[in-house]
Amino acid sequence: MITLSSLDELTEAKEVLKTLKAEYPVLFEKLQDMINLTRAFQFKYYYMGCLIMGEDPGEHTPKFVYGSVLRLYKRELQKLLADADIEVLNQLFTDFKNIGYSKISLLVLGHAPESLVGSSSIQ
């Protein structure tokens, strides 16, 4: 999925993430853990975002992955989805849908909004 993001959108998302981290530290930590796991498994951030939002990841579903790895990943995802404040995260993903799950993930990992401006095919 190709997304086009403005600096204003990315900066606003970064501020919302900063607020999320301050007001919902446990939820933010679970999200950060999930993003790191996604990265470690070399899955697409779009895949993770779709699973969080209950969307069909379609072609972004990992291929050639052991079933045990996918089960482990989904078990870890359930810890995030079971959080009492998951609706806050869902709202954030909805509000910044134009930015894309990948760029939101990179912002969580500490990337500067300026480094993510423009079109991107990060998935």
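The values are calculated or read from the model by the stated rules, or taken from the named source; none is laboratory data. Remember, it's a predicted structure, so these values are computed and weren't measured experimentally. Here the Cβ is made from the backbone with ideal geometry for all residues, glycine too, and neighbour counts use every protein chain on show. Heads up: the accessible areas ignore ligands, DNA and RNA and are worked out on the full protein's heavy atoms, side chains in. Shrake-Rupley method; radii C 1.70, N 1.55, O 1.52, S 1.80 Å.
Rounded to the nearest 500, the helix-only mean residue ellipticity at 222 nm of the chain stands at -19000 deg cm²/dmol, with each DSSP H run of n ≥ 4 adding -39,500 (n - 2.57). Sequence-ordered 3J(HN,Hα) estimates for region 94-109 from the Karplus curve with 6.51, -1.76 and 1.60 and θ = phi - 60° stand at 5, 4, 10, 4, 5, 6, x, 4, 5, 5, 4, 4, 5, 5, 4, 6 Hz, glycine and proline given as x.
Could you please state how large a percent of the accessible area of the chain is carbon and sulfur, counting protein chains only and using a 1.4 Å probe?
Its accessible area is 53 percent carbon and sulfur atoms.
The trypsin sites (Lys or Arg not before Pro) of region 1-92 that DSSP puts in a loop, and whose beta carbon has at most 15 other beta carbons within 10 Å, are 63. Ignoring lysines fewer than eight residues from residue 63 along the same chain, the ones with Cα atoms less than 21 angstrom from its Cα are 44, 74.
A Stokes-Einstein calculation at 4 °C with viscosity 1.567 mPa s, built on the Kirkwood radius of region 1-103 over Cα pairs, returns a diffusion coefficient of 91 µm²/s.
Taken per residue, the accessible surface of the chain reaches 56 Å², heavy atoms only and a 1.4 Å probe.
Sparse packing (at most 10 other Cβ atoms within 10 Å of the Cβ) combined with a DSSP loop state is found for the following chymotrypsin sites (Phe, Trp or Tyr not before Pro) in region 1-95: 64, 66. Couplings 3J(HN,Hα) of region 15-31, computed from phi: 5, 5, 5, 5, 5, 4, 4, 6, 8, 9, x, 5, 4, 4, 5, 5, 5 Hz, in residue order, whole Hz [Karplus 6.51 cos²θ - 1.76 cosθ + 1.60, θ = phi - 60°; x for Gly and Pro].
A simple rule links phi to the HN-Hα coupling: the Karplus curve 6.51 cos²θ - 1.76 cosθ + 1.60 with θ = phi - 60°, which for region 53-64 gives 8, x, 9, 7, x, x, 5, 8, 5, x, 10, 6 Hz, with x for Gly and Pro.
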